[in-house]
Amino acid sequence: MVGEVIEVPAELAASQEKFNGAAGRAFVADLPHLSAAFLRRWELRIDGPAMYGVCALVLPVVRSEGTPAALKLQLLDEESAGEPAALRVWDGDGAVRLLEHDEPTGTLLLERLDSSRALTHVPDTREAVTVVAGLLARLTSVAAPAGIRRLGDVAHAMLERTPHALRRVADPA
């Protein structure tokens, strides 16, 4: 575990800069230290190339007893704050299972999913949409934990900002 070095993808650094400014730059600068700390703390070994999206770095790892997992390092914000509570409620039923969580940093250790089973590999888009619809039905059949942001509240806040945003658009139509 000691000596494992991660490389932060330039695309992740750019998106953190774009969306989070100084906080994003600080997060990216700390990723090598943060990842090393959690590799030690949770006794993990990196097991493949890093993955990333707009907001998080995910390292495929193996736990000390040999179980594959995924270490998700992300900037703690309103988007990520409710993720651990939701994952605990779903407990692997339609969503990835949460194995460990560090509340101060928002770092998650998740069960590792089978990357060979991506919906992008399903040739029939109707079939893929049906899978997503069934998944959403399963996930929304469980009441959200207290304190989780509600989609209706987020949409309402967006609608309240719309008139102000439209004034900055040259042609609101």
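The values are calculated or read from the model by the stated rules, or taken from the named source; none is laboratory data. Values in this document were obtained by computation on a predicted structure and should not be read as measured data. All Cβ positions, glycine included, derive from the backbone under ideal geometry; neighbour counts span all protein chains shown. Areas reflect the complete protein model, heavy atoms only, side chains present, ligands, DNA and RNA absent. Shrake-Rupley method; radii C 1.70, N 1.55, O 1.52, S 1.80 Å.
Do we find a residue being open to solvent by 40 Å² or more (accessible area, probe 1.4 Å) and touching a residue at least 40 places away in the same chain (Cβ under 8 Å) anywhere in region 125-132? Spell out the reasoning first.
Here is the first cut: in region 125-132, the ones open to solvent by 40 Å² or more (accessible area, probe 1.4 Å) are 125-127, 129-132.
The next check asks that each one be touching a residue at least 40 places away in the same chain (Cβ under 8 Å); those that pass are none.
For region 125-132, residues open to solvent by 40 Å² or more (accessible area, probe 1.4 Å) and touching a residue at least 40 places away in the same chain (Cβ under 8 Å): absent.
Kindly indicate whether any position in region 150-163 is part of a loop (DSSP other than H, G, I, E, B) and charged (D, E, K, R).
To start, the set of residues in region 150-163 that are part of a loop (DSSP other than H, G, I, E, B) comprises 150.
Next, from what is left, pick out any that are charged (D, E, K, R): 150.
For region 150-163, residues part of a loop (DSSP other than H, G, I, E, B) and charged (D, E, K, R): present.
Quick grid of which residues meet (1) within 21 Å of the chain's Cα centre (by Cα); (2) of a type in the set (A, V, I, L, M, F, W, C):
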position	(1), (2)
125	no, no
147	yes, no
159	no, yes
162	no, no
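A Cβ distance below 9 Å, combined with a sequence gap of six or more or placement on separate chains, defines the contacts here; from region 146-173, residues that are touching a residue at least 24 places away in the same chain (Cβ under 8 Å) reach residues that are assigned to a loop (DSSP other than H, G, I, E, B) and not hydroxyl-bearing (Ser, Thr, Tyr) in the pairs 147/81; 147/82; 148/81; 148/82; 149/78; 149/79; 149/81; 149/82.
Tell me whether region 51-62 contains one or more residues that are surrounded by fewer than 16 Cβ atoms within 10 Å (Cβ to Cβ) and in contact with a strand residue (DSSP E or B) (Cβ under 7 Å, 6 or more places away or on another chain). Walk me through how you get there before you give the answer.
If we filter region 51-62 for residues that are surrounded by fewer than 16 Cβ atoms within 10 Å (Cβ to Cβ), which is where we start, we get 51, 53-54.
Then drop every residue that is not in contact with a strand residue (DSSP E or B) (Cβ under 7 Å, 6 or more places away or on another chain), which leaves 51.
Checked against the condition, which is being surrounded by fewer than 16 Cβ atoms within 10 Å (Cβ to Cβ) and in contact with a strand residue (DSSP E or B) (Cβ under 7 Å, 6 or more places away or on another chain), region 51-62 yields at least one hit.
Mind checking which residues of region 7-22 are part of a helix (DSSP H, G or I) and either open to solvent by 40 Å² or more (accessible area, probe 1.4 Å) or under 11 Å from residue 55 (Cβ atoms) (or both)? Explain how you work it out, then say what you get.
Start the filter on region 7-22 by keeping residues that are part of a helix (DSSP H, G or I), which leaves 10-22.
Residues satisfying the conditions are 10, 11, 12, 14, 15, 16, 17, 18, 19, 20, 22.
All of 70, 29 fail the test of being touching a strand residue (DSSP E or B) at 6+ places or on another chain (Cβ under 6 Å) and small (Gly, Ala, Ser), apart from 70. On inspection, residue 57 does not qualify as out of contact with any Lys or Arg (no Cβ under 8 Å at 6 or more places or on another chain), in a strand (DSSP E or B) and within 20 Å of residue 105 (Cα to Cα).
Among the conditions (1) β-branched (Val, Ile, Thr); (2) open to solvent by 30 Å² or more (accessible area, probe 1.4 Å); (3) part of a loop (DSSP other than H, G, I, E, B), the only one that residue 89 does not satisfy is (3).
Identify the residue in region 98-112 that is crowded, with 16+ Cβ neighbours inside 10 Å and without any contact (Cβ under 8 Å) to a residue 60 or more places away in the chain and, among all such residues, is nearest to residue 137 (Cα to Cα). Only one residue fits best here, namely 98. The single condition among (1) at pLDDT 90 or above; (2) farther than 17 Å from residue 136 by Cβ; (3) charged (D, E, K, R) that residue 77 does not meet is (1).
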